[in-house]
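The values are calculated or read from the model by the stated rules, or taken from the named source; none is laboratory data. From a predicted model like this one, the values you see are computed outputs, not experimental measurements. Because the Cβ atoms are built from the backbone with ideal geometry, glycine has one as well, and the counts that use them run over all protein chains shown. We work out accessible area using only protein heavy atoms, side chains counted, and drop any ligands, DNA or RNA first. Shrake-Rupley method; radii C 1.70, N 1.55, O 1.52, S 1.80 Å.
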Amino acid sequence: LNNNQSLPDIFHENVSVSSMASKFLMFLVNDLLDYYQIKMQAFTIIPKLFNVAETLRQTVDLLRIKAQTMNIKLNFTCGEFLPKMLRSDPERIQQVVINLITNAIKYSKSKSVIDIR
């Protein structure tokens, strides 16, 4: 739907927001599932090779809308020290980054700027 150029811009924006909101909801549900897996001692980490910068960028983009609703600017800069590829569990890394950024947004004042490097 979002690739259809004949639709109005507001439609594309709404599709993007809806997509990001559904991804965020999925992360929340997965957090709950992980909590119960940990509690039942059945939690597993599934390492795989992934692009670190792209994963972080997607995660920041997911939270940028939340920051904008609170009048907070969210900046992301990928440093050269970061490896391009990493073998780890990208979902767990996303969970940690989401928790850190969500807390930064929660405790920041309106018109703040959060720089993620």
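Give the calculated FRET efficiency between Glu54 and Asp34 to the nearest 0.05, with a Förster radius of 30 Å applied to their Cβ-Cβ distance.
0.85
How much accessible area does Phe43 have with a 1.4 Å probe, in Å² rounded to the nearest 10?
70 Å²
State the extension gain, in nm to one decimal, for the chain segment bounded by Thr69 and Asp89, taking 0.36 nm per residue of separation less the distance between their alpha-carbons. Write out the running numbers ahead of the final one.
Values: separation 20, 0.36 × 20 = 7.20 nm, distance 2.99 nm.
Full extension from Thr69 to Asp89 adds 4.2 nm.
Which of the GluC sites (Glu not before Pro) found in region 1-82 are loop residues per DSSP with 12 or fewer other Cβ atoms within 10 Å of their Cβ?
Filter output for region 1-82: Glu80.
Any chance you could run the full-extension gain for Leu82 through Asp9? It's 0.36 nm times the residue separation minus the Cα-Cα distance, nm to one decimal.
Values: separation 73, 0.36 × 73 = 26.28 nm, distance 3.51 nm.
Separation in residues times 0.36 nm, less the Cα-Cα distance, equals 22.8 nm.
What Kirkwood hydrodynamic radius do you get for the chain when you take the inverse of the mean 1/r over all pairs of distinct Cα atoms, in Å?
16.0 Å
Just to confirm, what accessible area per residue do you get for the chain at 1.4 Å probe, in whole Å²? Could you put the intermediate results ahead of the total?
Details: 8440 Å² over 117 residues.
With all protein chains present, the chain gives 72 Å² per residue.
Using heavy-atom solvent-accessible surface (probe 1.4 Å) with all chains present, what is the largest-first order of Leu25, Leu63? If you can, show how the numbers build up before the last one.
Values: Leu25 105, Leu63 0 Å².
Highest to lowest solvent-accessible surface, that is Leu25, Leu63.
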